[in-house]
Each structure stands twice: as C-alpha cells, then as structure tokens.
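Notes follow the structure.
The values are calculated or read from the model by the stated rules, or taken from the named source; none is laboratory data. If you're wondering where the values come from, they're calculated on a predicted model, not measured in any experiment. Neighbour counts are summed over all protein chains in view; Cβ atoms, including those assigned to glycine, are modelled from backbone coordinates with ideal geometry. Please note that ligands, DNA and RNA were not included when accessible areas were found on the heavy atoms of the full protein model with its side chains. Shrake-Rupley method; radii C 1.70, N 1.55, O 1.52, S 1.80 Å.
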Amino acid sequence: MNDIVEKVLQGDVRSAARLIRDLDDGAPRAREYLKELFPHAGKAYVLGITGSPGVGKSTLTDSLVAHLRQAGKTVGVLAVDPTSPFSGGAILGDRVRMQRHSTDEGVFIRSMATRGQFGGLTQATRAAITVLDAMGKDVVIVETVGVGQDEVDIARTAHTTIIVAVPGLGDDIQAIKAGILEVGDVFVVNKADREGADRTVQDLRNMIEMSHDSNLGRKDWTPPILKAVANRNEGIEDIWNAAQKHRDFLSKHQSEYYSRLQRMNHKMELIDLIKQGVVDRVLRELEENGQLDQYVDDLVENRIDPYTLSEEILNRFFADTD
Ligand SMILES: Nc1nc2c(ncn2[C@@H]2O[C@H](COP(=O)(O)OP(=O)(O)OP(=O)(O)O)[C@@H](O)[C@H]2O)c(=O)[nH]1
Ligand SMILES: [Mg+2]
C-alpha cells in the first residue's frame, strides 16, 4: 500500500490535505490513491448544506460542528465554491467563520474551488468526500454556495441535503427554478431573528408540496422546515435531529426514489470518468505532436467545418468501433 494512502487511512491530516489539493489540481497520482482508498470509504454520513450566498451556511456548519464535537463525533468539512475559479472570497470567509475548530484534531476543514479538473466539480467533490470518509470521519459536511446544476448534483451525492433560506424569499425563487428545492431533505429558514421568518416557512411549505424531483419522481419523505438563528446557536439541535430522522428513514426504507437516486449517482460518476478518460487520451495525443494547432488553423482558414473535423478525429481514435 502506498505511504500516503496508509497515512490517510490512519487519519493523518497533512496527507489528506495534500491528497485533496492534488485532486483539486487534477494530479494523475491522486486517482491511483483513490483506487486504494475507495474500499475503505462508505462509512461516513454525508450531509450537504446548500443555499444562496450569504444565507448563513458556514455559520450553521460551524454550529453543527460544535454540536457534533460535543457528541463525540469526528467531522470533515468541505467548502465548495463553484462560483469562483480561485479559492478566494467566500471560501476565505468560510475558513474565518470556522476558525474556532482549527486546533481541534477531530475536525478537518478543506475548501475546493475546482472547475474543469478531474471531470468537474462534482467529481472532485465526490473524490474529496471519499478521502474524508476513508480518513475515518463520522460525519462529512459539504457546504456548496449557489443554486446551479453543480449544487443539485452535489446535493444528490449527500445522504441528507439541507437547504438554507432566509426570510423574504427573493433570490431563493431562483433557487427553486434551478431545481434545488427538489433535492432538499431538510429546509432551514436561517436568520429567523429577522422579520418574516414564519411567512417564509409557509411559502416554502407551499412550494415543497408542489415540487418533486423532475428526474427521479416523488420522494416518500416530507421535508421538515425549521427556523434557526445560526450565529446564536439557536435551532441547531433540531436541525441535527431532523437530519438524523432522515438518515434513519434512508436506512429503514430503501425506497424506490432512493434506489433510483443511488443508481443515477453511480451512472453519472461512471459517465463522468469515461468522458474524462476519452478527452484526456485524445487531447494528449493531439497536443503531443502539435496536431491540435494545425486543426485549429484549418478551422480558422475555413478549410473544414468543426463538425466534420471532430468526426474525422474521433474516427481515427475509434476506427474499429464503427
Ligand atoms: N442576523 C443573523 N445573521 C446571521 C445568522 N447566521 C449567519 N449570519 C450572518 O450572515 C453573514 C453570512 O454568513 P455565512 O455563514 O458566511 O453565510 P454563507 O451562506 O456561508 O455565505 P457564503 O459562503 O458566502 O455563501 C455573516 O455575517 C453571519 O454572521 C443569523 O441567524 N442571523
Ligand atoms: Mg460560506
């Protein structure tokens, strides 16, 4: 067994941090390590926390971490920011917000901002979850900013997804359009110290009643909607209890919805990996002998159209499968 892999399995923070950095950078050796780690993962409870920017996801995560540590659980946190190609703004804020846990050995916090590497953000996040899981963390919390397709995909990877909103729906209407509502297992109206929290709870309830996962059909779980004031630790225990209820639900009822969800996750992961493999292989060869640039010249000078050209290139690589 590889040295790094062994260390990660023993829970070594530095090795895990290095591996996750490699994943974020798309380093090929990271994939080899993952192969070895994979059989050791699958034990952690993965909790997704998502919602629009600034609704209090990190504050909530921080309070949840404190709550879990008191209960003696080890925690891994992944802060994923698909809106930025750099580990800048929001993630820096996340780190600051969770700083009180930085000296606690039972907590491991990492951020990811990859786009386009390692088959995209969902793939990289999934891989990082595997690392934290194999490291022996009891709970892995994945915080994602925003409401796009990446968040929906990442949310589908978690066992339980918490959607955080704030009083006055506003931006969150966008979230609902993007389909994030459909993947929520627990809803939290944070900043309930502000006016209009009850109204927002009611609005959400109405919308949830009408929604169902457009890809996978209806769930047989009714998502609870809870109020919280994360920066005052209010409502945190209820949120954790609701998540646990959902977790129990998952293990007791292997419902049709969740078997479909699991199947789709596996399928998506495999397709992502195949795509990435094909793209890597074809591009590596084209770039090695400068052909890619020649092809681009052909396009620039109108010698061929891109449709025919891409077909010709692919036929070269997959000649005998035709
Ligand atoms: N009034 C009030 N403010 C809160 C509450 N929870 C968090 N905040 C504040 O809201 C701001 C944003 O909180 P974050 O936890 O960084 O929010 P976030 O959703 O992680 O933000 P991004 O990661 O940037 O999307 C901070 O100034 C928090 O102190 C709350 O319950 N009430
Ligand atoms: Mg945050």
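Hey, can you grab everything whose amide H is under 5 Å from the amide H of VAL80? Only 5+ residues off in sequence or another chain; H modelled, so Pro and N-termini drop out.
MET112, GLU143, THR144, VAL145
For helix 291-300, what angle does its Cα long axis make with the longest principal axis of the chain, in degrees from 0 to 90 and rounded to 10?
Once rounded, one gets 90 degrees.
So how exposed is GLU237, as accessible area in Å² (1.4 Å probe, rounded to 10)?
110 Å²
Which entries in LYS35/LYS267; LYS7/LYS35; LYS43/LYS73; LYS7/LYS275 show an alpha-carbon gap greater than 23 Å?
LYS7/LYS275
Compute a Gaussian network model of the chain, connecting alpha carbons closer than 10 Å, and tell me which residue from SER310, SER63, SER211 fluctuates the most.
Highest fluctuation among the options: SER310.
What residues have an amide H closer than 5 Å to that of VAL140, excluding those fewer than 5 places away on the same chain, when H is modeled at 1.01 Å from N in the peptide plane?
For VAL140, the qualifying residues are TYR45, VAL46, LEU47, GLY76.
With springs only between Cα atoms under 10 Å apart, run a GNM on the chain and tell me which of PHE187, PHE108, PHE249 wobbles the most.
The residue with the greatest mean-square fluctuation here is PHE249.
Going 7 Å from the Cα of ASP280 toward and past its Cβ, which residues in region 120-135 have a backbone nitrogen under 12 Å from where you end up?
120, by backbone N distance to the label point.
Within the chain, what percent of beta bridges assigned by DSSP are antiparallel, to the nearest 5?
The antiparallel proportion sits near 10 percent.
Rank these residues by their accessible area, most exposed first, probe 1.4 Å: ASP104, ASP220.
So the residues, ranked largest to smallest area, are ASP220, ASP104.
Volume per residue, Å³, of the convex hull around the alpha-carbon atoms of region 1-61?
121 Å³
Given the C-alpha atoms of region 212-322, compute the convex hull and give its volume per residue in Å³.
Considering the Cα atoms of region 212-322, their hull volume per residue is 235 Å³.
Specify the angular offset, from 0 to 90 degrees and rounded to the nearest 10, of the alpha carbon long axis of helix 306-317 from the longest principal axis of the alpha carbons in the chain.
Once rounded, one gets 80 degrees.
Among MET135, MET210, what's the order by accessible area (1.4 angstrom probe), most exposed first?
Order by accessible area, largest first: MET210, MET135.
At what distance in angstrom do the alpha carbon centres of region 1-44 and region 47-65 lie from each other?
So the separation of the two Cα centres works out to 26 Å.
Write down the Kirkwood hydrodynamic radius of the chain, to one decimal in angstroms, obtained as one divided by the mean of 1/r over all alpha carbon pairs.
This gives a value of 21.2 Å.
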